[in-house]
Structure formats: C-alpha cells, structure tokens
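The values are calculated or read from the model by the stated rules, or taken from the named source; none is laboratory data. Given the structure is predicted, the values throughout are model-derived calculations rather than measurements. Note: ideal-geometry Cβ built from the backbone for every residue, glycine included; neighbour counts use all protein chains shown. All accessible areas refer to the heavy atoms of the entire protein, side chains included, with ligands and DNA or RNA removed. Shrake-Rupley method; radii C 1.70, N 1.55, O 1.52, S 1.80 Å.
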Amino acid sequence: MQKETVTTVALPVRDMVVFPEATVSLFVSSPWAVDLAEQALESQRSIFAVCQKNAEREHPAREDVYDTGTLIQIVRIVPLADSRVKLLVRGLERGRIEKWHPEGPTARVRVAVLHSPQLTQAARLRADALALAVRETLERISQLGRSVSPELVSSLEHLETPGALADAVASNLYLPVADAQRILEAADPIDRLEALMAVLTHEAQVLTIRAEIQNRAREEFGRSQREFHLREQLRAIRSELGEQDARSPDVNDYEKKITEAKLPAYAEAEARKQLKRLDQMHSDSAESSIIKNYLDCLCELPWAKASADEIDITKARTVLNEDHYDLEKIKQRIVEHLGVLKLKKSLRGQILCFVGPPGVGKTSLGKSIARAMGRKFHRISVGGVRDEAEIRGHRRTYVGAMPGRIIQGLKTAGANNPVFMLDEIDKVGSDFRGDPASALLEVLDPEQNAAFTDHFLGIPFDLSGVFFIATANDTSTIPSALLDRMEVVELAGYSEEEKLHIARQYLIPKQVEATGLPAGSLEIADDALSFLINAYTRESGLRNLDRVLGSVCRKLALPLAEGEANPSFAVSRKRLEKLLGPPKFDPYVEPPEDEVGVVTGLAWTPHGGEPLYLEVQTHAGKRGLILSGQLGDVMKESANTALSYVRTRADLGAPQGFLDTNEIHIHAPEGAIPKDGPSAGIAIAVALLSILTGRKVRKSVAMTGEITLRGKVLPVGGLKEKFLAARRIGTTTVVIPWQNQKDLVDIPPSLLKSFRIVPAKTMDDVIPVTLAGLGSGSTEPAVSRPPARRSPSPKARPGTHAAGQRIQRIRR
C-alpha cells in the first residue's frame, strides 16, 4: 500500500459519508463553507470531506470529526431559495487526517491518502466470492421490500475491482453514519467487503422478520373473516332447519339482563340494537368490549328502581334534631319540603344550595335529609373539576370511555331518586376541556333534567326524581345562570354558646368513643371549654374544635393505656394549657381607656367576627391622606368618602383650615392581614372627627356601617358575627345602620341582651353616641327583635389567606 500526503482544507459534513468515485449532493448554509466551496471550484483543487461525530456543532474541532474521510472535487455550486447552497461533488480518494491546524472557522489539514493494496491470487479469489455474495444479498433485500436503485444493480455488473463495488453499494444504500464510516475506514478491499456484507446480512434478517410478522397478521385477519362468514352460514342453516339459534353465551346473558332491567322503550330499543351488533361480530374484536361495557352500564342503571319515601314529619324533626343543634330555619325549610312531598307524592324542581363557611354542617345536613326521607344518599365532590366529561361522560368512541359522575352516582346509589349532593360547587373550574359549570345547568334545571343525556349513554335518563343538594362556601364564584337554578339556604357561623352546646352534646361523646375512654368519663369545665374555643380555635365552623377535643382525649387516654391506676379525666383551664400548650390565638386588643383618634370597628372574616381598630394621626405638612395596614381598594374609597364628609362638618369645632395645612394618616393595626370592604366608613369618619375636634372616642362603643358623602349610613352584612366579636372584647354599645334592624331577627336573644343597640340613619345619630363631649349619648333603649318578616341580608364576602394568618375582611 503506497502512502502519499496532501495538504488541503477540511469541510465537515453532517449525517453523511462521502465515498470515492461517488457523485453526491451536499447542502451547506454557513458563509465560511460557501466561500470554501467557491474557492475550491475556481482553483480546481480538492478539499477533504469528513463526517462530524456531533452534527449539532457549527464549528467542529478536531475531536468532533472522524479520522477518515474522502478527498472530493467540487463539480457545481447551485444557490437555493432558502439561503442554502447545493454542492455537487465527486469523491476522489479516501484519506486519514495526520495534522489539524484551525484557521478561524476552517481548518487546514494534512491528509494521508489511503490506496487499496494489490491483491494476491488467493485474496483475489476471496474478494470475488465476497463480491458475488454482496450482489446476491442486495438482490434479496430488494425482493424483501428494500428500496434499491435499478441503476445501481446494472452498474455493479461493470465494476471490476472489489473495492469499487463496496464503495458503490455503500454510497447508494444510504446506510447509518456508523456503518458507512466503518466501511470507509477499511482500506483493504476484502475488509471493506466483509464490513458491507455484515451490514447487508443484518438488514436482510430484519426484513425477513418483518415479512413474517406481516404474513402472520394477514393470515389472522383472513381467518377471522372466514370464521365470521362460516358462523353466518351456520346460523342461516340452523334457521332453515328450525333449530335453536346458535348464539354465544355472552349474547344470551345480555338478553337476560336487558329483560330484567325493565328499561324504557327507547332504552330497550338501543340496547337490543347494540346486542345485535355484538352478536354479529367476532368475540375478540376491539369493538365487542366497548359494546359489552355499554350494555353493562345500561343494564345496571336504576331505570325503574326507586326508594319508597317514608314521609313522617315527626320522625323527620327527630332525626334533624338528633344530628344537628339549632339551625332552626334550615330544619324548618327541610320539614316544609317533606310536608309538600307527602301531600303531592312527587315534587320536582327542589334543588337546594347550602352556603356557609367550612365546618358548619352542610354535608351532614344532606345525610340527615336522606335519613329523614328514607332515601339513598350519594355525594360527589365537584370542587376542582375542569373537564366537562366528568359531568356528561365521554363518548364511546374514545378508549377507556365511561359515563359522567352523575350517571355513575346513580348506578352506585341503586335508585333513581336518591338525595344527591354536589359538594363544593363554587370551586368548579374550566379549561380547554370544557366548562363543567355549564354542563351542570342541564343537571340542575327541573325543566331539562327529565331528559338528561350523558355522552356515554347517548339516550336520555330521567333525573327529575333526584333531590339535588349543592354546597358552597361563597356564591360569588358560582356562575349566575347556575345560581339562578338553585334555592340558596345560608348557614351562618356558630356563636360561642352554640359551640359549647354542640361540643357537649355531639363532639365530646364522639371523641370519647373514638379514643376508647370510658363513656361519660371526660369532664371539661365550662370556663375551660370556653377558653379552648376562643384561644385554640378560630373558625366559623367546628372542624378545628373537633380536632382539638380529639387531641385532648388522646392525651388523657395515654396514661390509661400505659396502665396508670386511677387517671384523672377532669380538665380545668389550667390543665388544658398543660395538655395543649400556650394558646394559639392572642388577638390584638386595645387598652380600655378612651382615646383621641382611636375607634373600634367591627369586621366580618371567614373565621367569624373580629374587632377592627382604626388609628388616625395628623402632623404638619402638605395636604394629603396616608392609608396603611394593607387596606383594599373599597376600604380606601371609604376613607376618602369619610374625609370628604368631615370637611363639611366645620360646625363640630375643627380648627379653621386645619385640613389644608396638615397631613392625615389612617392606620389599621395587624398590617400583615388584608382588609377590605365599605363597612368601616362610619368608624373612619368618627376617628377623623375625633382627631380634628380633640374629643375622645368612647371605648365602650363599637360600630359598623357604610357612609355616603352626605353622611347617610348604609346597611352592612355579617351582623351576627360582628355582635359576637363585640361581646368578646367587652363592648356594651353597638351602632348599626338603621336598615339592618330587620336582620336582628336572626340573632339569638341571649346575644342581643348583652348590648345597647343604636340604629343610625345618618352620622348625626352616630356622633353623640361615640364622641365624648358632643352629647350625652343616645337615649334610645336597646332595640328588640322586630316581628317583621326577615329579608335577605347582603351576601358575605369571603376572605383570602395571607402569610398563613387569619384574614380580616370588613364587609357590607
């Protein structure tokens, strides 16, 4: 083998190996590669084409290319429309890189040319045998479906040297880079032919296996078709002979199920149509399993199964009183529904929506209703559902299709008239998969749900006998069209007295039984239980109270489990702190003395009522209003409204021009807690009047109400929770808007008698009661609950959590 060296420029090639004597097209886009090709074409000089190991590198280094490549000559350069250039090149000789000198984006290389060695007589015979084997294998893979150019086959007959034959075949078969490079690196013709033969043999084996798989699948399909035709012929022959129909056992089983299910006429027609299709198809076909799944669902639905209503009003009252304390309005509404149902026997359109804070007993009320009516109860949670198919089901064409949650719930309940609870309906979402809330419009519409159509069933199902109950924490997130279809029943949070009764009557016995303590052994003093409610839980409902009582019972059960002789189960306030540790809630409380510019407002939060202290200070400076304490936009507007009203009350003794030369700062303590809403309007106005007139605000007075520019006091919401907060801080007088007197009917008399309630139409009614020195206070007696019919109070606004703390949200 002779050796010579050539110094030239390297042209890295991506995903392609160029062979000697082959004419191929290369595509380049880099400016430096285009310049290199143009210079080589003008000078008629050869360049060295070498394949890249990493096709992603734009400027490959020495380690990014193979050692062996091909000296090529540029024949033609053709510009393309996409800024690339097509190079028509012809391979000359294979070579190996000896030195690599980078020069900017290009590299100058010294290449050792690899010539094929002279073959001996014995080697010549082996090379001819390998060449013959290559031709035969090439013809075989062509017959097995490999695309081989006819020109290649004809040109092989005229190639005399074995090495040229190997290069021609490898160049025209578009082999993987690794296989092609291995053939290129073989300078000896015999080694080259052997490497090529290994590649062709592997491909022939792969093609043979593929052909066998295709033949087997074709035969299996032909056998299935043949069995189908034979089965049809057998059925026809038996029918002519009067023999029994030769149906499969599955078809006979479904025939029996359809008969026993007592389907409506339209449902039975659809079921028998699908059964006929099942009978005519092969049992192993994919569609047969879909039909079987559909028929199973159709036959298991309670089309004609209904629970017999046991309407006993006295029993219903007893059940509701056993399960829930107080909630008299809710219980009365449920008993009224049962009374009408008893008289009319059927009652459509009864869709209730229980709205209230977490833990007040919305879900358990649904269970009590079902028990009082003697019906089955089924609950599904729709909170977080974003796929419409969860409600309406999937179409049967999809793999893994199933009915929606409504139909599945009825199948689970086993009756077509259960009490069906849709929990957390205010948390239904929507995305690209549809809007579940819109799908619920048909479910909860009494005029439409008698013919509710699930996508999986494809036929109507009557939901008019279902007693739907929805639960929500906040109605503001429920679409108006959906809310309009439901009767909203509001459940307020529990007062401290109510929590005491519920804990004694329900929670403590439940936790004593759950922890294995002796029945009736736990004795918690009233002051200890009250302290536990206020210092270790802060909520409108009872969930945390239940958990804390469970923790107390577990700590008392441990000494008993350890074998202590006479463990004590009496819990005082002092022992409670030892069991549970320091109190978790220590609210910000203002000192009891009257002060200038400090006012006690009342706020509603998701955890119940809270006192809202407002502070006002002034100092010399440019005219302006500073607001702090993380106040929301509505509360900021209330502050500006109150300031505008105060400017009109120069008659109260404020210094002339004081507001024009001083800056006013209004702050709400506990700045980490967001606060918003308009009901602090009169409290802000009183604080401003106090700081301007120098008169102290009576600490025994708390207030709530929205203010207008003319000083009118507008109604607010959450009155019960605000009264509870006022009693907790020892307030004796509460100022409320005049229009809120109608809401006092919902507040327990035991709570009302703790206060002198002052209803206010304007700020002129508020100022004498709150500011010392501007009147002796209202002489009106405490307002008793009026006998007038209660009208709905404004809806509560939910709060949001911030930094893991409770949220105080003033609301109207």
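Each residue of the stretch 192-205 was assigned a 3J(HN,Hα) from its phi angle through the Karplus expression (A = 6.51, B = -1.76, C = 1.60, θ = phi - 60°), giving 5, 5, 5, 5, 5, 5, 5, 5, 5, 5, 4, 5, 5, 5 Hz with x at Gly and Pro. By the rule of a C-alpha distance below 16 Å, with chain neighbours fewer than 8 residues away ignored, the lysines paired with K99 are K3. When shorter helices are ignored and each DSSP H run of at least 4 residues is given -39500 (n - 2.57), the per-residue value for the chain at 222 nm works out to -12500 deg cm²/dmol. Report note on the peptides 67-79, 357-369: ranked by the mean count of other C-beta atoms within 10 Å, highest first, their order is 357-369, 67-79. Think of a 1.4 Å ball rolled over the protein heavy atoms: the stretch 517-659 then has 50 Å² of accessible area per residue.
Dipole size of the chain about its Cα centre, with +1 on Lys/Arg Cβ and -1 on Asp/Glu Cβ: approximately 2800 debye, rounded to the nearest 20. Taking the protein heavy atoms of the chain in the context of the full set of protein chains, the accessible area attributed to carbon and sulfur is 51 percent at 1.4 Å. The residue among S43, L709, A112 whose Cα reaches farthest toward the positive pole of the charge dipole of the chain, with charges on the beta-carbon of Lys, Arg, Asp and Glu, is L709. Take 269-275, 677-683 and order them by the average number of nearby Cβ atoms within 10 Å per residue, most first; the result is 677-683, 269-275. Highest-first packing order for the peptide set 414-421, 529-536 is 414-421, 529-536, based on the mean count of other beta carbon atoms within 10 Å.
For the cross-link pairs K331/K376; K305/K376; K362/K578; K699/K742; K331/K411; K427/K636, the ones whose C-alpha atoms lie over 22 Å apart are K362/K578; K699/K742; K331/K411; K427/K636. Skip the ligands, DNA and RNA, and give the accessible area per residue of the stretch 1-87 with a 1.4 Å probe, whole Å². Here the residues of the stretch 1-87 average 54 Å² of exposed surface.
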